[in-house]
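See below for the structure under consideration.
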Amino acid sequence: MLADLSTAHKLELISLLEEKERRVRQRKLWTYYPDEGPLRRELYQKHLAFFAAGVSHRERAAMAANRVGKSEGIGAYEVTLHLTGLYPDWWVGRRFNKPVNVLCGGDTGTTTRDIIVAKLLGPASDRGTGMIPGDCIEKVRPSAGIPDGVDFAVIKHVSGKSSIVQFRSYDQGREAWQGTERDVVWFDEEPPEAVYTEGLLRTLTTNGIVLATFTPLRGLTDVALAFLPEHGGKFCVQIDWDEVPHLSAEDKADLMNSIPPYQREARTKGIPALGSGVIYPVAESAYVVEPFEIPKYWPRAFAMDVGWNRTAAIWGAWDRQSDVVYLYDEHYLGESPPQIHGDAIKARGWWIPGVIDPASSGSNQKDGTALRDEYITLGLDLESADNTVEAGIHAVYRRLASGRLKVFRTLPNFMSEIRLYRRDEKGKIVKDRDHLMDCARYLIMSGMGRAMTEPVEHYQAPTHGQSSVTGY
């Protein structure tokens, strides 16, 4: 049929097909979060929670793994809705009923151009193919000093008026983020605290909002820590690879192989990475306390790390009213048989349940499970601990930094270990005198979940397997 057409008609048809393709490319916004299909909206629960929280929270963060859609599917998507007013029917998040003034930024001018500008406007060679529909882009003003960079863009709003989106970078310094009032500020990748504060200040008189989308590779910085749940007021979702449908098992396996081990918790789960140096950079004055008598109604538990050279255990008591765990006692002894350790542990309270390293090795070449069973035979109430290293370190640090983990001053071995607990220059934990550090992880991750209160005088010792634990 095409062969029967004249050259003029062929050219016209090609032109129409190219125009159709261009219009399809310029309507990316409407391809996101469909009602049905393998990428349907309901499968992105964390993304939807982030959007919905905009109604009640001025500051929100998506502290997310790589490739889960934090920059495009969260940041660029929501910013586009505010700029254009093209809110979908299902949208339950924050809405502006007028054009908005938006400020966006990333690490450097180059990354801002290559990521944020490209995701909103499309690349310089094909403007209009980003999240903002092509027919909504009224004007793009280039930036000085960055080839193909953008200073600002004027965006058509459904009201018939225009919104403004301006682009900055963190390496320009705090001063570059000063200036006019903003309705929306979007930080893609974690900003320095001074830059974040300056951006936040731009929204105070407009009742505006701040969005931060980043993979927490810098660890528990002040900015990251302020978004964690115990600080309140701010909203944070942590998104891992298993919470999005667009990453296949093959994708995740290939990506995992390319990630350094010490970055995997951050890049795959959105858990802040911890680099070289001290692992718990918290002043001792913030968590060391004088001993006191533990109330009988506080649940208690212990955690155990076993080995011939050193067997260690630590006890914790939980003040549920303030959600503070107190580490109040320790056992630290080497080159002794299980009977000696078992007696020492039962002397602290036969009724206190515990957890033990599931992979620990004991004397006589016994594996961890067999040694655990031997301690159970000796009368200890034990279960295998959650031995997730990076998540456990993260959990302990959060409690220390937020004042929800305290340590009695009378635990010298714990204090000695925590002062030396560190990573080498490659981010690997230095495995030297870290037995009680492991115990602390086990206790916070799973031990306190078994905690129970001191029995009354007529309470009979439970046989192993009975449960009277409280939730944690």
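All of (1) touching a residue at least 24 places away in the same chain (Cβ under 8 Å); (2) farther than 24 Å from Gln238 by Cβ; (3) open to solvent by less than 50 Å² (accessible area, probe 1.4 Å); (4) in contact with a helix residue (DSSP H, G or I) (Cβ under 8 Å, 6 or more places away or on another chain) hold for Gly173 with one exception: (1).
Listed here are the residues, each with its yes/no results for (1) open to solvent by 20 Å² or more (accessible area, probe 1.4 Å); (2) at pLDDT 90 or above; (3) under 29 Å from Val278 (Cα atoms).
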| position | (1), (2), (3) |
| --- | --- |
| Ser363 | yes, no, no |
| Tyr375 | no, no, no |
| Asp386 | yes, yes, yes |
| Leu411 | no, yes, yes |
| Asp434 | no, yes, yes |
| Met448 | no, yes, yes |
| Pro462 | yes, no, no |
| Ser467 | yes, no, no |
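Scanning region 142-165 turns up at least one residue that is among the charged types (D, E, K, R), open to solvent by 10 Å² or more (accessible area, probe 1.4 Å) and in a strand (DSSP E or B). Only residues that are more than 16 Å from Met437 (Cα to Cα) and not in a loop (DSSP other than H, G, I, E, B) were counted across region 305-340, and they come to 7.
The set of residues from region 178-219 being hydroxyl-bearing (Ser, Thr, Tyr), part of a loop (DSSP other than H, G, I, E, B) and more than 17 Å from the chain's Cα centre (by Cα) comprises Thr180, Thr203, Thr205, Thr206.
Going by what's in this entry, would Phe96 be described as modelled with pLDDT of 95 or more, within 19 Å of the chain's Cα centre (by Cα) and either at negative phi or in a helix (DSSP H, G or I) (or both)? It is false that Phe96 is modelled with pLDDT of 95 or more, within 19 Å of the chain's Cα centre (by Cα) and either at negative phi or in a helix (DSSP H, G or I) (or both). Given the condition in a loop (DSSP other than H, G, I, E, B), over 30 Å from Ala391 (Cβ atoms) and touching an Asp or Glu at 6+ places or on another chain (Cβ under 8 Å), answer yes or no: does some residue in region 106-120 qualify? Yes - at least one qualifying residue is present in region 106-120. When Arg399 is tested against (1) open to solvent by less than 40 Å² (accessible area, probe 1.4 Å); (2) assigned to a strand (DSSP E or B), exactly one condition is not met: (2). Screening the candidates Thr84, Thr129, Thr111 for the property of being surrounded by fewer than 19 Cβ atoms within 10 Å (Cβ to Cβ) and of a type in the set (S, T, N, Q) yields one hit, Thr111. Restricting Arg60, Arg67 to those that are within 19 Å of Phe227 (Cα to Cα), of a type in the set (D, E, K, R) and either open to solvent by 10 Å² or more (accessible area, probe 1.4 Å) or touching a residue at least 40 places away in the same chain (Cβ under 8 Å) (or both) reduces the list to Arg60. Here is the figure for region 95-111: residues that are over 15 Å from Lys70 (Cα atoms) and touching a strand residue (DSSP E or B) at 6+ places or on another chain (Cβ under 6 Å) total 7. Just one residue in the set Ala303, Ala266 is surrounded by 12 or more Cβ atoms within 10 Å (Cβ to Cβ) and in contact with a helix residue (DSSP H, G or I) (Cβ under 7 Å, 6 or more places away or on another chain); that residue is Ala303. The set of residues in region 26-55 being assigned to a loop (DSSP other than H, G, I, E, B) and open to solvent by 100 Å² or more (accessible area, probe 1.4 Å) consists of Arg27, Asp35, Glu36, Pro38.
The set of residues from region 329-361 being open to solvent by 10 Å² or more (accessible area, probe 1.4 Å), touching a residue at least 60 places away in the same chain (Cβ under 8 Å) and either of a type in the set (Ser, Thr, Tyr) or over 24 Å from Glu293 (Cβ atoms) (or both) comprises Tyr332, Asp357. Cβ-Cβ contacts under 6 Å between residues 6 or more apart (or on different chains), taken from a first residue in region 196-224 that is farther than 21 Å from Ala52 by Cα to a second residue that is surrounded by 17 or more Cβ atoms within 10 Å (Cβ to Cβ) and of a type in the set (Asp, Glu), are listed as Arg218/Glu190; Val223/Glu190. For region 279-300, what are the residues that are open to solvent by less than 30 Å² (accessible area, probe 1.4 Å), aromatic (Phe, Trp, Tyr) and farther than 25 Å from Leu333 by Cβ? Listed by number, the list holds a single entry, Trp298. Of the listed requirements (1) out of contact with any Cys (no Cβ under 9 Å at 6 or more places or on another chain); (2) more than 24 Å from Pro133 (Cβ to Cβ), Ser71 misses just one: (2).
Of all residues in region 177-195, those satisfying the criterion of being open to solvent by 60 Å² or more (accessible area, probe 1.4 Å) and touching a strand residue (DSSP E or B) at 6+ places or on another chain (Cβ under 9 Å) are Thr180, Glu181.
The values are calculated or read from the model by the stated rules, or taken from the named source; none is laboratory data. Because the structure is predicted, anything quoted here is derived from the model rather than measured. In this analysis, Cβ positions are derived from the backbone assuming ideal geometry, glycine residues included, and neighbour counts consider all displayed protein chains. Heads up: the accessible areas ignore ligands, DNA and RNA and are worked out on the full protein's heavy atoms, side chains in. Shrake-Rupley method; radii C 1.70, N 1.55, O 1.52, S 1.80 Å.
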